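Remarks on the structure that follows.
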Amino acid sequence: MMIKPETFAFLADLAENNNRDWFQTNKQRFNDAQENMTAFAAELIKALANTDSYVDAAIEPKKTVMRIYRDVRFSKDKTPYKTNMAIGRLTRYNIPEIGYWLQIEPGQSFIAGGYWMPSNEHLKAIRQEIDYSGSKLIRIVDAPEFKELFGEFRDQEQLKTLPKGYEADHENIRLLKLKSFIAYRDLTNEELQAEDAVKKVASLCSKIQPLNVFLNQAIN
């Protein structure tokens, strides 16, 4: 199962013609792209459910494909459509923000997981878990394969000041200063158009899974 070249072509053309008239004229192309994404989601769910107990194999695939319509009510950018398509809401963690996110956009596709910009309450809980059991997170994010796939975890956006209650000499201060806890990897058009695209994405998600579990446990 792959993301079809026609899906990438539709998104590339949409980026050049982001208006309702063009979209309505090309509605069948959108429907085909949406169908491709839903089919990909279905196969990805099956693959993930074999290794991740937080993935519900019975989830309806179309519910995991994000809407392409933008909410422009409070935005200066009034273009009506996103120029990407995405698959999310694949997991049943206690909060929906923790999980996997696959975004498809010509030349800018990626797979990500973890927790982006936690609420203050959740951020406090995650920092407390790092303070008490930082070695658990370190084993995950400093594992050679994790670093090779997703880079240096600590290089994400950090506070410019110290988080409240923690000193500069704390052994895990760089982890404590993080604003988000994300594992991220770019994916090329060619990777996603390959016959084994689902297998590749599922494999990357399996490497992110321990991070998701750590974050979910920290909050509960």
Quiz prompt | Every pair of residues 6+ apart whose Cβ atoms lie under 6 Å, when the first sits in the range 7-29 and is in contact (Cβ under 8 Å) with a residue 12 or more places away in the chain while the second is hydrophobic (A, V, I, L, M, F, W, C) | solution = 7/33; 10/33; 29/10
Quiz item: What are the residues in the range 192-202 that are of a type outside the set (Lys, Arg) and touching a residue at least 40 places away in the same chain (Cβ under 8 Å), if any?
Solution: 192, 193, 194, 195, 197, 198, 201, 202
Quiz item: Looking at the range 42-50, is at least one residue open to solvent by 40 Å² or more (accessible area, probe 1.4 Å), assigned to a loop (DSSP other than H, G, I, E, B) and free of Cβ contacts under 8 Å to residues at least 40 places away in the same chain?
Solution: yes
Practice problem: Taking residue 3 as meeting all but one of (1) surrounded by fewer than 17 Cβ atoms within 10 Å (Cβ to Cβ); (2) touching a helix residue (DSSP H, G or I) at 6+ places or on another chain (Cβ under 9 Å), write down the number of the exception. | Solution: (1)
Self-check item: Test for residue 85: is it over 19 Å from residue 42 (Cβ atoms) and of a type in the set (A, V, I, L, M)
Solution: no
Quiz item: Does residue 132 fit the bill of being outside any loop (DSSP other than H, G, I, E, B), at negative phi and within 16 Å of the chain's Cα centre (by Cα)?
Solution: no
Self-check item: Residues that are hydroxyl-bearing (Ser, Thr, Tyr), within 29 Å of residue 36 (Cα to Cα) and over 15 Å from the mean Cα position of the chain (by Cα), drawn from the range 74-128
Solution: 79, 81, 83
Exercise. Give the residue that is farthest from residue 130 (Cα to Cα), with candidates limited to residues of the range 160-182 that are assigned to a helix (DSSP H, G or I) and open to solvent by less than 50 Å² (accessible area, probe 1.4 Å).
Key: 173
Exercise. Might you let me know whether the range 14-25 holds any residue that is touching a strand residue (DSSP E or B) at 6+ places or on another chain (Cβ under 8 Å), assigned to a loop (DSSP other than H, G, I, E, B) and at pLDDT 95 or above?
Key: yes
Quiz item: Looking at (1) closer than 18 Å to residue 51 by Cβ; (2) touching a helix residue (DSSP H, G or I) at 6+ places or on another chain (Cβ under 7 Å); (3) open to solvent by less than 10 Å² (accessible area, probe 1.4 Å), can you tell me which one residue 212 breaks?
Solution: (2)
Practice problem: Report yes if residue 157 is in contact with a strand residue (DSSP E or B) (Cβ under 8 Å, 6 or more places away or on another chain) and open to solvent by 80 Å² or more (accessible area, probe 1.4 Å), otherwise no. | Solution: yes
Exercise. For the range 145-152, state whether one or more residues are surrounded by 14 or more Cβ atoms within 10 Å (Cβ to Cβ) and on the phi > 0 side of the Ramachandran plot.
Key: yes
Quiz item: When you go through (1) touching a helix residue (DSSP H, G or I) at 6+ places or on another chain (Cβ under 9 Å); (2) without any contact (Cβ under 8 Å) to a residue 40 or more places away in the chain; (3) assigned to a helix (DSSP H, G or I) one by one for residue 148, which number turns out not to apply?
Solution: (1)
Self-check item: Restricting the range 51-65 to residues that are part of a loop (DSSP other than H, G, I, E, B) and open to solvent by 80 Å² or more (accessible area, probe 1.4 Å), the residue that is farthest from residue 39 (Cα to Cα)
Solution: 53
Quiz item: Considering only the range 183-210, how many residues are touching a Phe, Trp or Tyr at 6+ places or on another chain (Cβ under 7 Å), part of a helix (DSSP H, G or I) and closer than 18 Å to residue 143 by Cα?
Solution: 3
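The values are calculated or read from the model by the stated rules, or taken from the named source; none is laboratory data. All values derive from a computational prediction rather than experimental measurement. Note: ideal-geometry Cβ built from the backbone for every residue, glycine included; neighbour counts use all protein chains shown. Protein only, heavy atoms only, side chains kept; ligands, DNA and RNA dropped before computing areas. Shrake-Rupley method; radii C 1.70, N 1.55, O 1.52, S 1.80 Å.
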